[in-house]
Amino acid sequence: MAAYDEQEYTKSFQLGVWKRLIPLLGNYRRDFALMLIFNLACAAVDVALPLFQRYAIATFIEGDTLRGLLPYALCYLVVILFQALSVVAFSRNAMYIEMSLGRDLRRDLFHHLQTLSLSFYNVTPVGYLIARVMSDTNRIASMISWNLADLLWALFYVLGTFGAMLVLNWRLALVILLIVPAIALLTGYFQGRILHWNRKVRKLNSKITGAFNEGITGAKTAKTLVIEEQSTENFRKITGEMHDSGVRAARLSAVYIPLVLFCSSLAVAIVLLRGGTMVTEQVLEIATLSAFATYAVGVFEPIQSIAANLSEFISLQASIERVTGLLDQRPQVVDTPEVEAKYGDAFHPKKENWEPLEGEIEFRDVTFRYPDGGEDVLSHFNLHIPAGTTVAIVGETGAGKSTLVNLACRFFEPTSGQILIDGRDYRERSQLWLHSNIGYVLQNPHLFSGTVRENIRYGRLEASDEEVEAAARAVSADTVVAKLEKGWDSDVGEGGDRLSTGEKQLISFARAVLADPRIFVLDEATSSIDTQTEQLIQDAIDHLLQDRTSFLIAHRLSTIRKADMILVVRDGQIVERGTHLELLKRKGYYHDLYSRQFAEEHAAKVLG
Amino acid sequence: METQFKFPKREKLDMIVRYLHGNLGFFAGALLCACLSMVFNAMTPQIIKITVDSVLGEEEAQLPGVLEGLIDLSWLKSDPIRALWIAAGAVVIVAILRGVCTYGQRVNLSKGSEGFVKQIRDDLYRHIQRLDFAWHTAHSTGDIIQRCTSDVDVIRNFVCTQLVEVVRTVFLIVLYLSIMISMSPRLSLVSLVFIPIVGLSSGVFYRKISRRFQAADEAEGEVTTCAQENFTGVRVVRAFGRERFEEERFEEKNNRFSQLWIRLGKLMSVYWASGTLLTCLQVMAVIVAGTIETVEGRMTLGGFIAFVGYNETLAWPVRALGRVLSDMSKAGVSMDRVGYILKAPEEGDGPDAEEMELAGDIVFDHVTFAYEGQPVLEDVSFTIPHGSTFAVLGGTGSGKSTLIHLLDRLYDLGEGQGRITIGGTDIRKIRRDCLRRQIGLVLQEPFLFSQTIRENIAATCPHAPEEELRHAAAVACVDEAITEFPDGYGTMVGERGVTLSGGQKQRVAIARMLMQKAPVMVFDDSLSAVDAETDAKIRAALRRQMKGATVILISHRITTLMQADRILVLDRGRVADMGTHSELIARPGIYQEIYEIQMSIDDRRLVEEGGRS
């Protein structure tokens, strides 16, 4: 919940960044052309409307006749209807462009993210990705539709108005034009400052949210330390800062907006004075004077909005950079073109060329270092795992137990050396081929929103309902289903949060069983699960291990003892390997670890 | 969380009035300025009217009401250039006055609304800090935050934007309509006819659309959830090779989201266009009718121009009013949601609660406690002599943490649930803050604030000298680790700083507790994430430090407990046994059993164990 501080981009305008958008916009060339036309139409009508008033004054009032009023009114009506239609067309067009661009950007980003390596995900917070996939794309899309349309309209309107004024009376028009530089100067001065303070207010806003989060999650601690007063005082400081910045930002626009309005009034005054003089000199009609007054009132707001729009556009550059930055990330594990040609890629597999996988794995002279790490965690490591072997990896939390699994599953590739599966370097076959043969159950099992059935079927999409249910029964996941109101079709909630950890685990086992993988990875849970579920899970694991090559990142003694081979990890290195008995006899680190863990685990059992 | 909670209207009003307190002047000032600026704004068309009619035209100049006797305008025709200068000057002066008022309006409004919202936020925060622990456990953080941020924003918008806007618009309508009626009652009728149509149609339409907005917002939420689940579950996706399936799923949600909005856009376009149509029609109707009036001599040309000007100014605000009014209904729900928090009772003390020093024995006297209907403690009695070290051995769910929660009055015992006394005084008679200040507590999963390590350790005594902090950290065996960080004690904890390991967190929390210099110290399994060696080192240092204090240790490591003066064995909420270490190992029971397991494992047995499976 706490705010993820985004990097600030304060770079000036760079054309290169904007060019990246061109291919995306190219698909909507026709719609952008329509946008141009609709806004031109809207602006044209807006410029024309004061002319109707001028006509009424010049023809009927000055001419003192009502003849022709009906055709005039009808003509007026037609223009209004045309205007309403343009508004319909323009807003539909803008909405269409916004939503289509946003959809395309999100789709491209999502697609790209599916190809990036896990090493990227390891160092990138999910909030950071969501901000790019959702917020930045929304911002880009809405700016390039609505703001662009506004900008076009304002531009056409301002040009049209000055054009009309010039045609009506160029001398009076020129005098009014004198005010435009004043507006430009004003805007130049205020716009940047207003933007700065608004940004500050937004930042403080997320700071306040963060402070609430901290105050709520830390309430118990604040109570036991009796520092409620103090923490409230700290919070007051933040809201005080917010108060001051908010007023500050408001004060700036409180000066700026009246100044812009004042420019309009100045223009009206000029019209009255110069125009009035011209009327007395009989070179200007009163009807035109009234049209000028209307134009003078209306034209300066759009000028200001053009300026505001432009500075918003410049700040959009940051969003574009964030999105393209993500698109420029290259995956670290890639299939060679030859492999891709034969086996297909992650989205278009050529399953007809896939060989079956037996499950024999060999690490041959493997040296490995994490892309962001400074030290080799494996050097010249050799290990042969015959098909069907159960390998347990033990060690303390944070010792680096996942490294071997990451390598075997090709989430990372060795820095040097080879990993062979069924006797062939695994880089000679596609990632999807390997991944489709792996079952993976995480410590904190991850489920997706949807029903229990859908979640289990994730293991094999084409499985029938019967197969899904059979897989669930094999690992007793049907006991979970029995407790749910809607049975198999019960919604598990976002991330599966309507189920307990134990229940989620059973579902994820069922998912793995359904996939029927040759290689099975279990990152065992340490969290306390009630004894009954615990027994179910143990049985499920036994069922899963049969005839498969499996890696167990294990915490429970019972699981470890069953392994054919135990690898002991300490500080990222594999320090011992062997069977349970061999390792105990050696009286090394494993022996240490085992006695400690055994003692605590057993004590916990006695205490119930 | 209960969402059906509803405030009576009166209380809602009271709530708003309470927070407006101190800011009312700003709001009054803002409204006054707003009204004045509208009055000034209304003058420009009059100036134009007089100029057109009496300077450029042939009409007799007429000023409204009292002004007529004061200013003589009969010279206007004779010196038109001077008259034009004066007219232009008047427009500029009116514009300056209006500008000043607009400035006053905006600044006052921002001061008022920032002050208003600050008071709500501060009050909420303070109140939440004081709500009892049971309330906090019963409500989810996300939901409370939602209420403190989004709902507060809705209320602010209601009071500071919508209410002000309504008052402003109503004033505008009254002012402009009365001017228009005074100029031409007949023509005003034409304009008047449109006002309810424009306002109503806008309100009704808007209400209809807002339901669809909700559906579209939900669709966006689904896209976000889908992406979020994909990113957090990326290992599962990859391990099953489900990239394509994921992409299709995302695509479907993504498309639905944009389709819904495009469809909504079609409705909105009708809404906007109908607005344009109605306002343009209103303007047109007035122009056509005004033309007839003027040609037929019931109105002057200047009057016509001014009237059209007033009418145009009126058109859009009326439309906005309809939307604002229909939007305002949302605020009631938000007020209920915020009021729900503010209405929850704060932790309080009885009227007879007093300050006292904790200097006697701590006695649990037939304590029975249930939480949400589940019995946690049953008839638990024991005494902790002043200045002794007391240990509790118990498994998960044995009720050991509840003992501590009760002692610290995070929960209070009810009638008939027994009592807890310190030095003979029932702790319910001791002020909470006084009690808690004298009980130092380290929890198993301690919470550190997102501040520097220094601020965290010095939480209870912000002005303590550096040496004292470092001494506390040294006792907790964490000084060395802290000085190794690039920023040392100035290192930020949490998301924006370093991530401390579980063991480091526990040790910083111990240092923080030591700074409290409490006569009673409680360690609730607080060295579980520290390895055995460091555990022993810390305990030795603590023993030297804690002379004279009453110490309560909770653990399931025998080595941690064995040196205590007295050990309580808690089993499923009941006292299973109590005594010194030597007494307890001498008799069969849980303690002896665990002691056997933890202390006497010899390698031979281990090998046997291993060989059997």
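Here are some notes:
- Overall Cα dimensions of segment A:261-394, principal axis frame, Å, largest first: 106, 41, 25
- For segment B:204-345: span of alpha carbons on each principal axis (Å, largest first): 87, 50, 20
- Range in chain B, longest, excluding exposed chymotrypsin sites (Phe, Trp or Tyr not before Pro) [loop by DSSP; at most 15 other beta-carbon atoms within 10 Å]: B:76-613
- Pair-distance profile P(r), taking every C-alpha pair of segment B:348-400, with 10 angstrom steps and integer %: 18, 36, 38, 9
- For the protein assembly as shown, calculated [θ]222 nm from helices alone, where every DSSP H run of n ≥ 4 adds -39500 (n - 2.57): -20000 deg cm²/dmol
- Förster radius 41 Å - calculated FRET efficiency between B:VAL174 and A:ARG67 (Cβ-Cβ, nearest 0.05): 0.60
- Net charge of neighbours whose Cβ lies under 13 Å from the Cβ of A:ARG453, counting Lys and Arg as +1 and Asp and Glu as -1: -4
- Counting Cα-Cα pairs of segment B:1-183 in 5 Å increments starting at 0 gives whole-percent bin shares of 1, 7, 11, 14, 12, 10, 8, 7, 6, 6, 5, 4, 3, 2, 2, 1, 0, 0.
- Per-residue average of Cβ from other chains inside 10 Å of A:88-94: 5
- In this structure, the amide hydrogen of B:ALA458, modeled 1.01 Å from its nitrogen in the peptide plane, lies closer than 5 angstrom to no residue at least 5 positions away or on a different chain.
- Note on chain B: Kirkwood radius taken over Cα pairs, Stokes-Einstein applied at 37 °C and 0.692 mPa s, translational D equal to 103 µm² s⁻¹.
- Anisotropy class assigned to segment B:447-517 is rounded, per the alpha carbon gyration tensor with a/c under the 1.5 cut-off.
- Dmax and Rg, reported as Rg then Dmax, of the protein assembly as shown (C-alpha, Å): 38.3, 126
- 14 Å beta-carbon shell around A:ALA307, net charge (K/R +1, D/E -1): -2
- Segment A:170-283: equivalent-ellipsoid semi-axes (sqrt of 5 x gyration tensor eigenvalues, Cα, Å): 55, 11, 8
- Residues of type lysines that B:LYS343 reaches as a straight line, Cα spacing below 19 Å, ignoring anything fewer than 8 places off in the same chain: B:LYS6, B:LYS9, B:LYS12, B:LYS118
- Distances between placed amide hydrogens fall under 5 Å for A:GLY344 paired with A:LYS350, all partners being 5 or more residues away or on another chain.
- Rg(Cα) / (2.2 N^0.38 Å) computed for segment A:448-516, rounded to two decimals: 0.94
- DSSP loop trypsin sites (Lys or Arg not before Pro) with at most 14 other Cβ within 10 Å excluded, longest remaining stretch of chain B: B:7-297
- Percent of beta bridges antiparallel (DSSP, chain B, rounded to nearest 5): 50
- Counting Cβ atoms of other protein chains within 10 Å of each Cβ in A:263-274 and taking the mean gives 6.
- Longest segment of chain A lacking GluC sites (Glu not before Pro) that sit in a DSSP loop with at most 12 other Cβ atoms within 10 Å: A:9-280
- Close amide H partners of B:GLY395, meaning residues 5 or more places away or on another chain with modelled amide H under 5 Å apart, are B:ARG572.
- Relative contact order of segment A:448-516, pairs being alpha-carbon contacts under 8 Å that are 6 or more residues apart, as %: 54
- Rounded to 10°, Cα long-axis angle of helix A:69-115 versus longest principal axis of chain A: 20
- Two-site FRET efficiency, A:VAL78 against A:TRP170, from Cβ-Cβ distance with R₀ of 22 Å, rounded to 0.05: 0.15
- Backbone geometry of segment B:44-52 corresponds, through the Karplus equation with coefficients 6.51, -1.76 and 1.60 at θ = phi - 60°, to 3J(HN,Hα) couplings of 3, x, 5, 4, 5, 4, 4, 4, 5 Hz, x marking Gly and Pro.
- Checking the Cα-Cα distances for A:LYS350/A:LYS483; A:LYS342/A:LYS562; A:LYS19/A:LYS203; A:LYS504/A:LYS585; B:LYS253/B:LYS330 against a 31 Å cut-off, the pairs over it are A:LYS350/A:LYS483; A:LYS342/A:LYS562; A:LYS504/A:LYS585.
- Reachable lysines from B:LYS266, criterion Cα separation under 19 angstrom, eight or more residues apart if same chain: B:LYS208
- Within chain A, all pairs of alpha-carbon atoms sorted by distance into 10 Å bins from zero give the percentages 3, 11, 16, 18, 15, 12, 9, 7, 5, 3, 1, 0.
- Each residue of segment B:214-230 was assigned a 3J(HN,Hα) from its phi angle through the Karplus expression (A = 6.51, B = -1.76, C = 1.60, θ = phi - 60°), giving 4, 4, 5, 5, 5, 4, 5, x, 5, 4, 4, 4, 4, 5, 4, 5, 5 Hz with x at Gly and Pro.
Quick note: the coordinates plus some simple rules give every number you see, no bench work behind them. Just so you know, these numbers come straight off a predicted model, no measurement behind them. Cβ atoms come from the backbone with ideal geometry, glycine included; neighbour counts cover every protein chain shown.
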